[in-house]
Amino acid sequence: MEAYMDIVIKRDYYLNKLIMRKHNGLIKIVTGIRRCGKSFLLRTLFKDHLMNNGVDEGHIIEMAFDLYSNKKFCDPEVLEPWIREHIVDGERYYLLFDEVQLLRDFESVLNEFADMKNVDVYVTGSNAKFLSKDIITEFGGRGDEVHMYPLSFSEFMSIYNGNKYDGWNVYITYGGIPLVVLADSEEQKVDILQNLFAETYLRDISQRYRIKNLEEMNSLLDILSSAIGSLTNPNKLVNTFKTVKKSKITQQTVARYLEHLEDSYLIESAQRYDIKGKAYLETPLKYYFMDLGLRNCRLNFRQNELPHSMENVIYIELRMRGFSVDVGNVTVSEKNKNGQAERRQLEVDFVCNKGSKRYYIQSAYRMDSKEKSDQEQRPLLKIDDNFRKIIITSDTPKPAYNEEGILIMNVYDFLLNPEYMDF
């Protein structure tokens, strides 16, 4: 739950993930975009769970490295003896470290504490770089990640005072950052989003990566915001810069900026996957924003295209549920008007995999004509395997299978009832 005055938002999905990982000998790492609720999850919800289950408060050692008053503890030479002073017996201790990427040499420091038999380590971090392959090697396979997102639509609706249709309109406009959701007025929501972008996300990125030309980064964000759900790559983006911004930015710079934005969890890329060839295609990719409110504030709330917004929400929901998500590519050979065979590329919005499960999903805001229905179904019907095929719309009355065996459901049922994917 996220608290604001007398309003509580439950975050049980993530809390249960932490509870399930207790005492497993690994370093529990909660990652996610800044202000998505990581600190509250770890230092309030999880701490309350520990105390409600008999853990003495003196055996819970907390440190928030992003607070000015704790700046000295970012030096492991100061932190390590301070922690040891607080471990006074052989009972189990819980270390709750917030924004741990600010701790110098955090990999070796965390490994040292994790080696102590009576210490269970939990940390949060906002920078994907501290989970890079090199760092994972430093952890020696001891990192156990719980990735956290802004509020899902279901979490949002748990405190929204209204019906799901009105709630949907608010959610796809202002997103799911808890601080924004709990703001009283639309004006406050806009102000918070704009301040978060300028004073938290962009400043954090520019300082961390020493970006000198912040105007280019801002322009890239605006271009990406206008093109959610569209295939692109650094070369295409450079051409847009040249055409729209009259800029001489290079592909290497654009690729580096994209990496920075992904590392900070502002955006996420979805690769193309050749379904029949069972192979990944390098480019182009699709980019989705981790929060629609942040995306919309980049455009001053001018371009709230509902089909693209719905596609973005579905992508994030699938990632939140633990699926790996790719953009499907189906190559078909069909005859043209002259009777000649032509190879064509059809797209499946999402190829979703988790364990042995796979789903093919199309996002279709409206499917109100036979032509539109055929268009959405066509790629799915060209797939030869028997995995479930789903079309999500904004206006289907209730989940049902059509004659081709495709499950059609509305976006509200998809978001509020996860079990409907197996309806």
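The values are calculated or read from the model by the stated rules, or taken from the named source; none is laboratory data. Since the model is a prediction, treat every value here as computed from it, not as a measurement. Cβ: placed from backbone, ideal geometry, glycine included. Neighbour counts: every protein chain shown. When the accessible area is computed, the model is the full protein with side chains, heavy atoms only, and any ligands, DNA or RNA have been set aside. Shrake-Rupley method; radii C 1.70, N 1.55, O 1.52, S 1.80 Å.
Beta carbons closer than 9 Å, at least 6 apart along the sequence or on distinct chains, pair a first residue in region 381-400 that is closer than 16 Å to residue 417 by Cα and in contact (Cβ under 8 Å) with a residue 60 or more places away in the chain with a second that is open to solvent by 80 Å² or more (accessible area, probe 1.4 Å) and assigned to a loop (DSSP other than H, G, I, E, B) for 394/366.
When residues in region 411-423 are screened for being open to solvent by 10 Å² or more (accessible area, probe 1.4 Å) and either among the acidic types (Asp, Glu) or farther than 18 Å from residue 357 by Cβ (or both), 5 of them pass. Step by step: first the residues of region 42-57, then only those that are open to solvent by 40 Å² or more (accessible area, probe 1.4 Å) and under 25 Å from the mean Cα position of the chain (by Cα), then the one that is nearest to residue 11 (Cα to Cα). Which residue is that? Filtering region 42-57 for residues that are open to solvent by 40 Å² or more (accessible area, probe 1.4 Å) and under 25 Å from the mean Cα position of the chain (by Cα), the one nearest to residue 11 (Cα to Cα) comes out as 44. Would you confirm whether any residue within region 391-403 is in contact with a Gly (Cβ under 9 Å, 6 or more places away or on another chain), over 22 Å from residue 164 (Cα atoms) and either charged (D, E, K, R) or outside any helix (DSSP H, G or I) (or both)? No, region 391-403 has no match at all. The residues on offer are 25, 90, and the sole one that is on the phi > 0 side of the Ramachandran plot and at pLDDT below 95 is 25. Contact map, region 98-113: residues that are closer than 18 Å to residue 146 by Cβ paired with residues that are among the small types (Gly, Ala, Ser), Cβ distance under 6 Å, separation 6+ or inter-chain. Pairs shown: 98/39; 98/64; 100/125; 101/125.
Under the condition of being touching a Phe, Trp or Tyr at 6+ places or on another chain (Cβ under 9 Å) and assigned to a loop (DSSP other than H, G, I, E, B), the residues counted in region 365-384 number 1. Here are 96, 42: which of them is outside any strand (DSSP E or B) and touching a strand residue (DSSP E or B) at 6+ places or on another chain (Cβ under 6 Å)? That would be 42, the only listed residue that is outside any strand (DSSP E or B) and touching a strand residue (DSSP E or B) at 6+ places or on another chain (Cβ under 6 Å).
Please work out which residue is most open to solvent (accessible area, probe 1.4 Å), limiting yourself to region 58-87 and to residues that are aliphatic (A, V, I, L, M) and within 30 Å of the chain's Cα centre (by Cα). It comes out as 67. Of all residues in region 338-363, those that are farther than 19 Å from residue 277 by Cβ, surrounded by 11 or more Cβ atoms within 10 Å (Cβ to Cβ) and either over 29 Å from the mean Cα position of the chain (by Cα) or without any contact (Cβ under 8 Å) to a residue 40 or more places away in the chain (or both) total 3. Checked against the criterion of being at pLDDT below 95, open to solvent by less than 50 Å² (accessible area, probe 1.4 Å) and assigned to a loop (DSSP other than H, G, I, E, B), the candidates 223, 228 yield just one match: 228. Would you confirm whether any residue within region 274-291 is assigned to a loop (DSSP other than H, G, I, E, B) and within 22 Å of residue 211 (Cβ to Cβ)? Yes: one or more hits.
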